[in-house]
Each structure stands twice: as structure tokens, then as C-alpha cells.
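Every read-out reported here was derived from the displayed coordinates using simple, explicitly stated rules and does not represent laboratory data. Just so it is clear, the structure is predicted and the values come from calculations on it, not from any experiment. Note: ideal-geometry Cβ built from the backbone for every residue, glycine included; neighbour counts use all protein chains shown.
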Amino acid sequence: MPNPIERGERARALLENGLLREVLDGLDAHYTQAWRQARTVEAREDCHRYVLLTEKLIADLTSIATTGALERERLAELEGARRFALPWPKL
């Protein structure tokens, strides 16, 4: 399994992928329209679940991308602190 930074970069790349965004936006629009035109409660509920699923997919990818970016910043801060740390005295 890739580390959090690699996962974050992959998730960010997916979120920035125009074709994937087009597909996800299309799914959302399709199921929102179908939900509005549904004739039964069951059909509305199904469409609503599909809209929520699309939103969850985007939210999960965003969370992974954010976690990766935060981890990259944390490691950069640690590396910066290490450069300015005083050496341990030799006994």
C-alpha cells in the first residue's frame, strides 16, 4: 500500500482528472434529474442514494488528498526543524 503522501497525490490527480470529473458531474446531474422526475418513493430513494454515493466518493478522495498534503507539510516541517537543531553534546 502506498504511503499517505503517494495516496494523496493519486487522489488529487483523480480529482483533477477532467474525464473523471465529467463522469461524476454527469452522474450527479443524471440522478438528480431522475430523482426529481421519479414517480415512486422507491425510485426517489434509489436516485437519492446514487447522488449521496457520488458525493461520498468525491468527499473520500478529497479527504485522502488533504491527508497526503498535510503529511507532506508535516514532514517538511520536521526536516526543517532537523536542519536547525543543535547537535547533541558528546560525552
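General observations
- Pairs, first closer than 23 Å to LEU15 by Cα and without any contact (Cβ under 8 Å) to a residue 40 or more places away in the chain in segment 60-82, second part of a helix (DSSP H, G or I) and of a type outside the set (Ser, Thr, Tyr), C-beta under 6 Å, six or more apart: none
- A residue that is touching a residue at least 40 places away in the same chain (Cβ under 8 Å), part of a helix (DSSP H, G or I), charged (D, E, K, R) and on the phi < 0 side of the Ramachandran plot cannot be found anywhere in segment 31-49.
- Note on segment 9-51: among residues that are of a type outside the set (D, E, K, R), under 17 Å from the mean Cα position of the chain (by Cα) and exposed (fewer than 12 other Cβ atoms within 10 Å of the Cβ), the one that is farthest from GLU73 (Cα to Cα) is LEU19.
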